[in-house]
Amino acid sequence: MIDLIIFDLDNTLTDFVRMKETAIEAAAKGMVDAGLLLPSEEIEKEIFKIYEKEGIEYQRVFNQLLIELNGEVDYKILAAGIVAYRRAREASLVLYPHVNKTLVELLKRGLKLAVITDAPRQEAWLRLCYLKLHHIFDIVLTFEDTGVRKPNPIPFETVLDKLGLKPERALMVGDWPERDIVGASELGMKTVFARYGDTFGIKKSGADYEIDDLLELVRIVDELNEA
């Protein structure tokens, strides 16, 4: 019997990679328009190099970019990049197809819903609020809530403990096998690989189930609970 569905956030509920790429492209063009003397394609490459080193959620990436390129921060260029980034981010931050329908169907069945994400607390909640999902989940657990990232068992155990459930009563849905699938399965949870969010070209996920559309999750849950 499944009583709880745990979701990863980025690339499982929302297309984070597309949003990030679109926002960075807009920011680079905005900085060029404001006077940064470098082709926008080269600026994008330099931004992603910083992300590779500091992490994809690094909040001072444009400051560091300008220091590395010009030795100082030109605040006109910085502001132009930030504004362009935020506008593009808001326009491109969307849910995958059928996310809302899937969540509604799961709630109709009386299931508890949770999110475990490695994103910073503020960024995770901003995304959820923008997507109007901030009232949907019983628990939203971010990296800053535990201080460890998946596949460490602590985030999964924390959610289970808060809801008073055993691992076998929970199902984890995520796009990153090494974090989402491994972390959950080692505790005894059923797992679902969100193939539609895969950015690595995964051949073998190791999950109990694989889906190309989140709505397939409803059928899986029904089959498990009927069994």
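Please treat every number below as a calculation from the coordinates, not as lab data. Everything quoted here is computed from the prediction, not taken from an experiment. Backbone-built Cβ (ideal geometry, glycine too); neighbour counts: all protein chains shown.
The Kirkwood hydrodynamic radius of the stretch 10-58, based on inverse pair distances between different Cα atoms, is 11.5 Å.
For the stretch 148-227, a crude dipole built from +1 on the beta carbon of Lys and Arg and -1 on the beta carbon of Asp and Glu, taken about the Cα centre, is about 320 debye to the nearest 20.
Could you run the Debye sum over the Cα atoms of the stretch 127-227, one equal point scatterer each and no solvent, and tell me log10 of I(q)/I(0) at q = 0.12 Å⁻¹, two decimals? So the normalised log intensities work out to -0.42.
For Lys190, a cut-off of 26 angstrom between C-alpha atoms picks up these lysines, skipping any fewer than 8 places away in its own chain: Lys101, Lys108, Lys112, Lys150, Lys162, Lys166, Lys203, Lys204.
Assuming a ≥ b ≥ c are the square roots of the Cα gyration tensor eigenvalues, decide whether the stretch 14-101 counts as rounded (a/c under 1.5), prolate (otherwise, with a/b larger than b/c) or oblate. Before the final figure, lay out each step's value.
Details: a/c = 2.48, a/b = 1.86, b/c = 1.33.
The shape class here is prolate.
Give the Rg/Rh ratio for the stretch 170-227, taking Rg as the radius of gyration of the Cα atoms and Rh as the Kirkwood radius, to two decimals. On the Cα set of the stretch 170-227, Rg over Rh gives 0.96.
This model, with +1 at the C-beta of Lys and Arg and -1 at the C-beta of Asp and Glu, gives the chain a dipole about its Cα centre of some 460 debye. For the chain, the spread of Cα coordinates along the three principal axes comes to 63, 34, 31 Å, biggest extent given first.
Between helix 153-163 and the chain there is an angle of about 60 degrees, using the helix long axis and the longest principal axis of the Cα atoms. Relative to the longest principal Cα axis of the chain, at what angle does helix 99-108 sit, 0 to 90 degrees, rounded to 10? On a 0 to 90 degree scale, this one is about 30. Modelled label positions at Asp212 and Glu46, each set 7 Å beyond Cα in the direction of Cβ, lie 4.2 nm from each other.
Could you tally the net charge around Leu13, taking each other residue with its Cβ under 11 Å from the Cβ of Leu13, Lys/Arg +1 and Asp/Glu -1? Value of the local net charge: -3. Near Lys166, once Lys and Arg are set to +1 and Asp and Glu to -1 for all other residues with Cβ below 14 Å from its Cβ, the sum equals 0. Over the stretch 72-169, the reciprocal of the mean inverse Cα-Cα separation, the Kirkwood hydrodynamic radius, stands at 15.8 Å.
Listed values for the stretch 110-118 are Karplus-derived 3J(HN,Hα) couplings in whole Hz (6.51 cos²θ - 1.76 cosθ + 1.60, θ = phi - 60°), namely x, 7, 8, 10, 9, 10, 10, 10, 8, and x replaces Gly and Pro.
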